Amino acid sequence: MSSFVLLRLFLFVEAGFTAFLVALLIAIRPYFRSQRFFCRWMWAWTAHAAFLAVGLWPNGVGWGTPLFKSFILLASGILGMLFIPLLIAAAEAFRNSGYDAEVARIGSLAAVVGALAIYLESMLVRSDTLLSFEIRTLPPALAVCGALWYCSYVFFRSWRRTSSRGCLLMMLSCGGYGAMQTLYVLLTTRGNSLDVRWIAMDTFCQGVIAIATLLLILERSAVTASTVRDSEQRYRLLFERNLAGVFRSRGDGTVIECNEALCKMLRYSSREEFQQNVLSIYFSEEERNVAFAALRAQGQLINHELRLRRKDGSEMLALVNIALLSEASAAVLELQGTVLDVSEVRRLQEHLLQAQKMEAVGSLAGGVAHDFNNLLMVITAYCELLADGLSDPEQCDQVENALKACGKASDLT
């Protein structure tokens, strides 16, 4: 079997295996959360599979106009070079360095330029010759070698940091595949033929990369799911154990969820009972309308006092903080907030205010009494002086009566 036929067989086997990997990635995509590195890997392998499939066309299909074959040749070069930046971007995205977008942009431009160069060079020779085949396949293969070695280095660093089995397997598989691509380039440039063993080893390396890719996706999905569960658990504990009443509801009065503290605050025995009677908790419909109007206008209510009705009919003065989440219509208006019972606080404040008033009145009365007593002392002294200078008994009795009145006034003070 000639080397040219073996190369065609190699491309066919690799294209089929890569297409299977892409189909598998697309099949499992709905079961995982959106992850940047997952999408990068899928697009990288899609570009590689398309490159191999398109590359088989001018070498395995005998029909088609020369212009059409020329276009297929150019598309093959572009797809082959595009695989490189996407492959590197996938590894960079996994490392979360933020470098993958720049790699993809620069690499895409380099892919177009490189593909045009490959296209012009391959047009200088006949399209059905081995030289033309090597011109189209060797530059992308060289670039793939570098990309695979770089990806192996990236996953080596990730493995050292996280001890991930997926990173270790991906590092070994990318390194092994890169070595196989290097051998492929060296053998084809020296004119050596590739036998079935090389094709099997190359396919095995791609299979290991496929397994490592799936393992990475599963590990990252497990980590993400665990993080989400921990976050939800922390939110649930904060929601349930909050001493303030916490709720989330719609504008029509439908309570989506609330905590036990709010139910106990309004003296309902369960959340279901509270949800069934939520519209009756407002003590005044006018106050509710004013609060909702302010909420729509400002988007939030901060430390707004609202009178609420408990289950037993008693009035509760609540301090509410409400934020508007969405506002499409009154039926789907969604809001969340907290409720604090400040009835006792207000009662104590009123008692304190009354005590302060009484204290002020007492201070005023004490000051007036003191000044009035001073005036009585002056009046008494003058009356005593007047009594010493009188000889008329009637006038002495009058002064005596005035002194008695001053004494009684002093006692009253």
Quiz item: Going by the conditions given, is A225 modelled with pLDDT under 80, open to solvent by less than 60 Å² (accessible area, probe 1.4 Å) and not in a loop (DSSP other than H, G, I, E, B)?
Solution: yes
Exercise. Please specify each residue of the range 240-256 satisfying the condition of being over 15 Å from A323 (Cβ atoms), open to solvent by 30 Å² or more (accessible area, probe 1.4 Å) and either in contact (Cβ under 8 Å) with a residue 40 or more places away in the chain or not in a loop (DSSP other than H, G, I, E, B) (or both).
Key: E240, N242, D252
Exercise. Output the residues belonging to the range 257-275 that are aromatic (F, W, Y) and in a helix (DSSP H, G or I).
Key: F274
Exercise. Answer yes or no: is there a residue in the range 79-97 that is at negative phi, at pLDDT below 65 and open to solvent by 20 Å² or more (accessible area, probe 1.4 Å).
Key: yes
Exercise. Residues being open to solvent by less than 50 Å² (accessible area, probe 1.4 Å) and in contact with a helix residue (DSSP H, G or I) (Cβ under 9 Å, 6 or more places away or on another chain): count how many of those fall in the range 264-281.
Key: 6
Quiz prompt | The one condition in (1) farther than 18 Å from G253 by Cα; (2) assigned to a helix (DSSP H, G or I); (3) open to solvent by 90 Å² or more (accessible area, probe 1.4 Å) that S391 fails to fulfil | solution = (2)
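For (1) modelled with pLDDT under 80; (2) touching a helix residue (DSSP H, G or I) at 6+ places or on another chain (Cβ under 8 Å); (3) part of a helix (DSSP H, G or I), each residue gets a yes or a no:
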residue: L116; (1), (2), (3): yes, yes, yes
residue: R126; (1), (2), (3): yes, yes, no
residue: S132; (1), (2), (3): yes, yes, yes
residue: A141; (1), (2), (3): yes, yes, yes
residue: C145; (1), (2), (3): no, yes, yes
residue: Y150; (1), (2), (3): no, yes, yes
residue: R157; (1), (2), (3): no, yes, yes
residue: M171; (1), (2), (3): no, yes, yes
Exercise. Using the structure shown, decide if E400 is out of contact with any strand residue (DSSP E or B) (no Cβ under 7 Å at 6 or more places or on another chain), part of a helix (DSSP H, G or I), within 30 Å of R241 (Cα to Cα) and open to solvent by 80 Å² or more (accessible area, probe 1.4 Å).
Key: no
Exercise. Only residues that are under 24 Å from the mean Cα position of the chain (by Cα) and modelled with pLDDT under 85: list them for the range 301-335, please.
Key: L324, L325, S326, E327, A328, V332, L333, E334, L335
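The values are calculated or read from the model by the stated rules, or taken from the named source; none is laboratory data. These numbers were taken from a predicted model, which means no experiment stands behind them. Note: ideal-geometry Cβ built from the backbone for every residue, glycine included; neighbour counts use all protein chains shown. For the accessible areas, the whole protein counts, side chains as well, though only heavy atoms, and no ligand, DNA or RNA atoms are used. Shrake-Rupley method; radii C 1.70, N 1.55, O 1.52, S 1.80 Å.
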